[in-house]
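The values are calculated or read from the model by the stated rules, or taken from the named source; none is laboratory data. These numbers come from a predicted model, not from an experiment. Please note: Cβ atoms are built from the backbone with ideal geometry, for glycine as well, and neighbour counts cover all protein chains shown. Side chains included, ligands, DNA and RNA excluded: accessible areas come from the protein's heavy atoms. Shrake-Rupley method; radii C 1.70, N 1.55, O 1.52, S 1.80 Å.
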Amino acid sequence: MRFRTKKRAKIDRQAQKTRDEYDEMFPFCQLCGEVATDTHEIARGANRLKAQSERCCLLHLCRGCHDEVGDPVQWPISRQLELKKRVDPLGYDLERFNQIRHGK
């Protein structure tokens, strides 16, 4: 069993509603169209936790596509944001994404 701090557990609980709603809006992989199983945060590194509850930072993917999109060489953030803009234009918010990514 993985250990999570109380702070991390609280962040995860708060983000869960947003993530569940997002997953319901997009039940199929936003890349290939198969049944989606994983919620992917576009923001990486230290700001990934902040991105968990922000629609502008989320993609719903199948396991295979999630593994593929996780490769930063093949899928840099700019390419992930292009996908986001195409498959979820209402959720695309580059200004908010950059605020999260740059810790503002």
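Whole number in Å², please: accessible area per residue of the chain, 1.4 Å probe, ligands, DNA and RNA not counted.
Numbers: 6730 Å² over 104 residues.
Per-residue value: 65 Å².
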- request: Quick one: compute a quarter of the convex hull surface over the Cα atoms of the chain and quote it in nm².
  value: 6.9 nm²
- request: Could you tell me whether segment 23-79 comes out rounded, prolate or oblate from its Cα gyration tensor? Rule is a ≥ b ≥ c as square roots of the eigenvalues, rounded for a/c under 1.5, then prolate if a/b exceeds b/c, otherwise oblate.
  value: oblate
statement: About its Cα centre, segment 1-55 carries a charge dipole, from +1 on Lys and Arg Cβ atoms and -1 on Asp and Glu Cβ atoms, whose size in debye to the nearest 20 is 680 debye
- prompt: Roughly how many nanometres apart are two label points built 7 Å out from the Cα toward the Cβ at residue 5 and residue 67?
  reply: 3.2 nm
statement: Applied in sequence order to segment 87-98, the curve 6.51 cos²θ - 1.76 cosθ + 1.60 (Karplus, θ = phi - 60°) yields integer Hz couplings, x standing for Gly and Pro, of 9, 9, x, 6, x, 6, 8, 5, 4, 5, 4, 5
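Rounded to the nearest 0.05, what FRET efficiency is calculated for residue 79 and residue 21 with R0 set to 41 Å and r the Cβ-Cβ distance?
The pair residue 79/residue 21 has a calculated efficiency of 0.95.
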task: Could you point to the residue in 30, 78, 16 farthest towards the positive end of the chain's charge dipole, with +1 and -1 charges on the Cβ of Lys/Arg and Asp/Glu respectively?
output: 16
task: Under a cut-off of 21 Å between alpha-carbon atoms, report the lysines in cross-link reach of residue 85, not counting same-chain residues fewer than 8 places apart.
output: 50
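How big is the dipole moment of segment 14-104 about its Cα centre under a simple scheme where the beta carbon of each Lys and Arg is +1, that of each Asp and Glu is -1, and everything else is neutral? Debye, nearest 20, please. Each step should come with its number before you reach the end.
On the way: 14 positive and 15 negative charges, 91 e Å.
In total the dipole reaches around 440 debye.
For the chain, what % of the accessible area comes from carbon and sulfur atoms, probe 1.4 Å? Spell out each step's value before the answer.
On the way: 3470 of 6730 Å².
Answer for the chain is 52 percent, counting heavy atoms of protein chains only.
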